[in-house]
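Have a look at the structure below, then the notes.
The values are calculated or read from the model by the stated rules, or taken from the named source; none is laboratory data. Just so it is clear, the model here is predicted, and its values are computed rather than measured. Backbone-built Cβ (ideal geometry, glycine too); neighbour counts: all protein chains shown. Each accessible area value is taken on the protein alone, full model and side chains, heavy atoms only, with ligands, DNA and RNA left out. Shrake-Rupley method; radii C 1.70, N 1.55, O 1.52, S 1.80 Å.
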Amino acid sequence: AGRTAEWLRGQNINVVDESNADQLYDTTTIFIYNGKPYTVRYLSSIMGLENPRIYNRYDPNATYDIAVVVGTDWANSNSMP
């Protein structure tokens, strides 16, 4: 989580929280709490995600707009140094 968060910050993404998921995910999953379609598109593009799982979970009280749960697809094929 920490390495990916650091890399995303270098790509001009505002990362406000970084922690490990409660389980292993095969596919990187993006949860949208407040509509940010262009940010989701940008994330998918820079991460090279061909088929990310994207779920809309509108919550006006959420402390962040988007949550990215990194899956093994990203872990095995990312372009981070």
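Per-structure values
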| quantity | calculated |
| --- | --- |
| Subset of the range 1-17 (residues that are assigned to a loop (DSSP other than H, G, I, E, B) and open to solvent by 80 Å² or more (accessible area, probe 1.4 Å)) | ASN12, ASN14, VAL16, ASP17 |
| Matching residues, the range 34-81, being in a loop (DSSP other than H, G, I, E, B) and of a type in the set (Gly, Ala, Ser) | GLY35, GLY48, ALA62, GLY71, SER79 |
| Lone unmet requirement of (1) of a type outside the set (A, V, I, L, M); (2) in contact with a Pro (Cβ under 9 Å, 6 or more places away or on another chain); (3) touching a residue at least 40 places away in the same chain (Cβ under 8 Å) for TYR33 | (3) |
| Hits in the range 11-28 (condition: touching a residue at least 24 places away in the same chain (Cβ under 8 Å) and not small (Gly, Ala, Ser)) | GLN11, ILE13, VAL16, ASP17, LEU24, TYR25, ASP26, THR27, THR28 |
| Single residue of LEU43, LEU49 found to be open to solvent by less than 80 Å² (accessible area, probe 1.4 Å) and either among the basic types (Lys, Arg) or modelled with pLDDT under 90 (or both) | LEU49 |
